[in-house]
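Comments concern the structure below.
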Amino acid sequence: MAKRDPVIVVGAGPVGLCLALSLAQQDVSVILLEAMSDENFLDQVPRAGSNHPTTLEFFDRIGLYAKMEPRGIIAPKFQYWDRQDNALIAEFDHALLKDDTKFPYVLQCERIKIIEEALKMAKAHALIEVRMATEFISFEQRSDAVVAQVKNIAGESETIRGSYLVSCEGARSIVRRMLDVDFEGFTYPERTINIEVAYDFRNHGYTERNYISDPDEYSNLFHWKGPPDRWRIHFPTNIDDDENELKRPEALQKRLKKFLGIDRDFEICGCNLYTVHQRVAAKFRIGRVVLAGDAAHVSSPIGGMGLNSGVHDAFNLADKLARILHGEADDTELDRYERQRRHVAVKHTQAQTIRNKRLLEERDPAVRRRNHDELRRQAEDPALARKFLLRTALFESLREAEQIA
Ligand SMILES: Cc1cc2nc3c(=O)[nH]c(=O)nc-3n(C[C@H](O)[C@H](O)[C@H](O)COP(=O)(O)OP(=O)(O)OC[C@H]3O[C@@H](n4cnc5c(N)ncnc54)[C@H](O)[C@@H]3O)c2cc1C
């Protein structure tokens, strides 16, 4: 390949790593900047864990899937429950997608394991220069390049020249702020508490992934990792609840006992409180600078779409940047990236995650009944259930984006 400036990727999260690996595998050199060091890289708060079939196909394309599968839990099914009646409403089985994908299941595999494996692959690739403990500070665009200012591992200021710069730095993207791009949307007033517990909820009829509707206290319950077995359960909290009070061991035990209606102590392995945002950047590309993943869009974790749709951005963008840098396309391709992926972020990820939350927290008994009947109707008819799964597993959004010129 002719010598040209590398693509600068800021952030070695799942999106930055997939972008870097996909670019390198298409013969494009990359400098990957990560603020965390090798020593603290794996000390991150637990976050995403559900990887949909479409995303598994992308991981497979770069050789990452084979490393994740032994570390994850294969979850073909998911369920909707009504907590008021303690009854299963509907079950969907990805087996119905067996003719659509090589991966007719979700793989429960934590973000931290994904980035650990992907980082090893990135470090081993000759075309990727991984710069750990290197903090991106600012950038400047020129007609033929972009120049990033970083604080390097020695704490010194350094400039790095690239052909393009992609912000994969997560929701707090400095790049997005420097571009003065609005992060349009809203933040839910309440916070969500996540409890990690060593207990097998399958004893109560649950499957690996469960959405539980309740006008008082909806929740999401996932088989999170194992062995040893860990499950995660999310509950909404009230706006003015005190954080320390919410996290008190007795308060956590009380919540779990009430949820399962049994009186026993649970082995609680962790808990954290988070705020949920629904936002999409007004622009995904300005000149030689592009936004991807959480830097471009954030959403509620209900439906597990944040990491998945971010990874889809990465692969879409990698193919376009590779064609541009190999002289096979001009850089208006990047405008198409924005049209396609912004459409997906607004019309699919945002719309669906907002709908998911509304469905679970609905208070009106008549609307709840209607919603539950509709879920049942879709689950019971294989053609409708397949359509439902094509949407939740993000095939629909990918296929729709392909139609956007
Ligand atoms: C509780 C919770 C549960 C979730 N569950 C799911 C789920 O089940 N499924 C799902 O799809 N999504 C889920 N998400 C969302 C998911 O975690 C994110 O969408 C995903 O991690 C975004 O990936 P990213 O690579 O864009 O950014 P991040 O994962 O945030 O990575 C950004 C990287 O950039 C680095 N960085 C930041 N600033 C700089 C800088 N200035 N210089 C250099 N490096 C920098 C950071 O250190 C980090 O390594 C969840 C989120 C939360 C909070």
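The helices (runs of 4 or more DSSP H) found entirely in segment 302-405 include none that carry 1 or more residues being in contact (Cβ under 8 Å) with a residue 40 or more places away in the chain, out of contact with any Leu (no Cβ under 7 Å at 6 or more places or on another chain) and at positive phi.
Surrounded by fewer than 22 Cβ atoms within 10 Å (Cβ to Cβ), away from the ligand (no atom under 11 Å from the Cβ) and touching a residue at least 40 places away in the same chain (Cβ under 8 Å): does that describe Ser37? Answer is no for this residue. When Leu56 is tested against (1) surrounded by fewer than 21 Cβ atoms within 10 Å (Cβ to Cβ); (2) within 16 Å of the ligand (Cβ to nearest atom), just one condition goes unmet, and that condition is (1). Of the residues Pro227, Pro215, which is of a type outside the set (A, V, I, L, M, F, W, C), farther than 15 Å from Arg358 by Cα and more than 16 Å from the ligand (Cβ to nearest atom)? Going through Pro227, Pro215 in turn, just one is of a type outside the set (A, V, I, L, M, F, W, C), farther than 15 Å from Arg358 by Cα and more than 16 Å from the ligand (Cβ to nearest atom): Pro227.
Going through (1) of a type in the set (A, V, I, L, M, F, W, C); (2) near the ligand (Cβ under 10 Å from one of its atoms); (3) touching a Pro at 6+ places or on another chain (Cβ under 8 Å) one by one, Ile268 falls short only on (2).
To keep it simple, each residue is scored yes or no on (1) of a type in the set (Asp, Glu); (2) surrounded by fewer than 21 Cβ atoms within 10 Å (Cβ to Cβ); (3) farther than 12 Å from Cys271 by Cβ.
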residue	(1), (2), (3)
Ile195	no, no, no
Glu208	yes, no, yes
Tyr211	no, no, yes
Pro215	no, yes, yes
Trp231	no, no, yes
Lys254	no, yes, yes
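Counting only helices (runs of 4 or more DSSP H) that fall entirely inside segment 10-99 and contain at least 2 residues that are among the small types (Gly, Ala, Ser), the qualifying elements are 14-25. Checked against (1) of a type in the set (Asp, Glu); (2) touching a strand residue (DSSP E or B) at 6+ places or on another chain (Cβ under 7 Å); (3) within 12 Å of the ligand (Cβ to nearest atom), Glu116 meets all criteria but (2).
Considering only residues in segment 288-317 that are charged (D, E, K, R) and either surrounded by 24 or more Cβ atoms within 10 Å (Cβ to Cβ) or near the ligand (Cβ under 10 Å from one of its atoms) (or both), the one that is nearest to Thr54 (Cα to Cα) turns out to be Asp313. The residues of segment 135-176 that are of a type in the set (Asp, Glu), farther than 20 Å from Leu334 by Cα and within 14 Å of the ligand (Cβ to nearest atom), listed by number, are Glu135, Glu158. Once segment 273-287 is narrowed to residues that are over 18 Å from Asn356 (Cα atoms) and either in contact with an Asp or Glu (Cβ under 8 Å, 6 or more places away or on another chain) or in a helix (DSSP H, G or I) (or both), the residue that is nearest to the ligand (Cβ to nearest atom) is Leu273.
Between Gly16, Gly11, Gly63, Gly49, the distinction of being at positive phi, within 15 Å of the ligand (Cβ to nearest atom) and not aromatic (Phe, Trp, Tyr) belongs to Gly11 only.
Residue-by-condition table, conditions (1) β-branched (Val, Ile, Thr); (2) out of contact with any Asp or Glu (no Cβ under 6 Å at 6 or more places or on another chain); (3) free of Cβ contacts under 8 Å to residues at least 12 places away in the same chain; (4) crowded, with 16+ Cβ neighbours inside 10 Å:
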{"site": "Lys98", "(1), (2), (3), (4)": "no, yes, yes, no"}
{"site": "Thr101", "(1), (2), (3), (4)": "yes, yes, no, yes"}
{"site": "Val106", "(1), (2), (3), (4)": "yes, yes, no, yes"}
{"site": "Ala118", "(1), (2), (3), (4)": "no, yes, no, yes"}
{"site": "Ala122", "(1), (2), (3), (4)": "no, yes, no, yes"}
{"site": "His125", "(1), (2), (3), (4)": "no, yes, no, yes"}
{"site": "Ile128", "(1), (2), (3), (4)": "yes, yes, no, yes"}
{"site": "Val150", "(1), (2), (3), (4)": "yes, no, no, yes"}
{"site": "Glu169", "(1), (2), (3), (4)": "no, yes, no, yes"}
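Any read-out appearing in this document is the output of simple, stated calculations on the displayed coordinates, not a laboratory observation. Note that the structure is predicted; figures quoted are calculated from it, not measured. In this analysis, Cβ positions are derived from the backbone assuming ideal geometry, glycine residues included, and neighbour counts consider all displayed protein chains.
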